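The values are calculated or read from the model by the stated rules, or taken from the named source; none is laboratory data. As the structure is a computational prediction, the values presented were derived from the model and not from experiment. Neighbour counts are summed over all protein chains in view; Cβ atoms, including those assigned to glycine, are modelled from backbone coordinates with ideal geometry.
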Amino acid sequence: MKMLKTKIGDFFIHVLCESKNLRTMLEKNFHSYIPTENIQPDIVIKIEDGFGVSFQDYYVDIMKDNNQILYRRADYVIKVDSDYKAASISVHDELALKHALMNLFSSFIVYHNWGLLIHSSCAIENGKAHIFAGQSGAGKSTAAKLSYPRNLLSDEATLVRITEEDVQIYNSPFRSEIEADSFSGNLSLASVQILFQALQNKREKVAKSDALFQLMDKVFFWPHSQEETSTIMKLITLLVMQVPVYELHFQKNNSFWELIS
Amino acid sequence: MMTHFIQKGNVEATELDGEWIILNTDQYTITKLNGVGGHCWSLLNEMQTVDTLTKSLVEEYKAVQNKEQIKQDVEEFLSNLTECGLIENVNRL
């Protein structure tokens, strides 16, 4: 069976996939620029097609027994061992595969208490990362495009490692429009912007407690247990304790960067 | 009969810059408390009554002359927290 070896965040991942179409999508989005040969994988994922119907809605049914967690949407089903070392994904199409991988990976990094996948874009300025978070339509990808020629670490889902010492951003392979470049390191997170499109630029710092509220619904997660929800809460708390969060009201041009750098 | 209140087990609380965030992991709700609310919340890890909380606040904030107002506020606060599923009352004879 064909195998793709890749690295996302700090994790080595082996993906097994027979379907040619899905493999093309995987190779395009999850190509690793760093050598991954001869390294034991942290998780092995087996992928197949032929499941379900095309995208209906975002509702995911979650079931759990002793050894496995099962995430089921109309267009995908994920079965993952409770120690997150092996998973299988069955999908209807490429979109379903993309969403299923985000679902699995976000649960995987929370399981390892490593970090979060945040609904946002992220641009680099002077060697530091700046996040632009918001609901669909708030302007994440607009802010990402307007940040050109700055390099991007994400345009839809930012990969954030959170520890008590620091908060680091990794290049995210989970992209909507702008493909990832070859950057394979990580950069410290300097600020988080919660986006609002407006007629005038304005950037205001948010109290830490409000920042936590604002970020709760920007995290990709499909909780299956109270422990998991509490881990997510603790990770967001660590983030807002270390990184300033702002409300950014911005016009649709690149002048908002004057308020950041 | 005196009503006793205590924190429920399914909650996580965090203090951030003098404010408190309480997460109910059963219902996925988040509640924000100011400093005074956080003071009461901390005490509620053991059983408290309206009177014990009022007494503590009067001492903490040196507000003897406002005791009646504080008592009313504590009653309202406890009823709000109960509604949010963050504390439960235990009736004792």
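Table for the structure above
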| quantity | calculated |
| --- | --- |
| Residue count, the range A:201-230 (criterion: among the β-branched types (Val, Ile, Thr) and in contact with a Phe, Trp or Tyr (Cβ under 8 Å, 6 or more places away or on another chain)) | 2 |
| Flag for residue A:143 being of a type in the set (A, V, I, L, M, F, W, C) and assigned to a loop (DSSP other than H, G, I, E, B) | no |
| Lone unmet requirement of (1) surrounded by 20 or more Cβ atoms within 10 Å (Cβ to Cβ); (2) more than 20 Å from residue A:111 (Cα to Cα) for residue A:259 | (1) |
| Test: residue in the range A:127-142 that is surrounded by fewer than 22 Cβ atoms within 10 Å (Cβ to Cβ), at pLDDT 95 or above and either more than 29 Å from residue B:11 (Cβ to Cβ) or within 11 Å of chain B (Cβ to nearest Cβ) (or both) | yes |
| Test set (1) in contact with a Leu (Cβ under 9 Å, 6 or more places away or on another chain); (2) under 15 Å from residue A:174 (Cβ atoms); (3) touching a residue at least 40 places away in the same chain (Cβ under 8 Å) - residue A:87 fails condition number | (2) |
| Positions within the range A:194-224 being surrounded by fewer than 18 Cβ atoms within 10 Å (Cβ to Cβ), small (Gly, Ala, Ser) and within 9 Å of chain B (Cβ to nearest Cβ), in sequence order | A:207 |
| Qualifying positions in the range B:42-74 - under 10 Å from the mean Cα position of the chain (by Cα) and over 14 Å from residue B:4 (Cβ atoms) | B:42 |
| Enumeration of residues in the range B:8-30 that are more than 9 Å from chain A (Cβ to nearest Cβ) and in contact (Cβ under 8 Å) with a residue 24 or more places away in the chain | B:8, B:11, B:13, B:22, B:24, B:27, B:29 |
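Quick grid of which residues meet (1) in contact (Cβ under 8 Å) with a residue 60 or more places away in the chain; (2) surrounded by 17 or more Cβ atoms within 10 Å (Cβ to Cβ); (3) touching a Leu at 6+ places or on another chain (Cβ under 8 Å):
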residue	(1), (2), (3)
A:18	no, no, no
A:21	yes, no, no
A:39	no, no, no
A:96	no, yes, no
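Residue by residue, here is whether (1) crowded, with 17+ Cβ neighbours inside 10 Å; (2) more than 11 Å from chain A (Cβ to nearest Cβ); (3) assigned to a helix (DSSP H, G or I); (4) within 11 Å of the chain's Cα centre (by Cα) holds:
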site: B:6; (1), (2), (3), (4): no, yes, no, yes
site: B:32; (1), (2), (3), (4): no, no, no, no
site: B:37; (1), (2), (3), (4): yes, yes, yes, yes
site: B:40; (1), (2), (3), (4): yes, yes, yes, yes
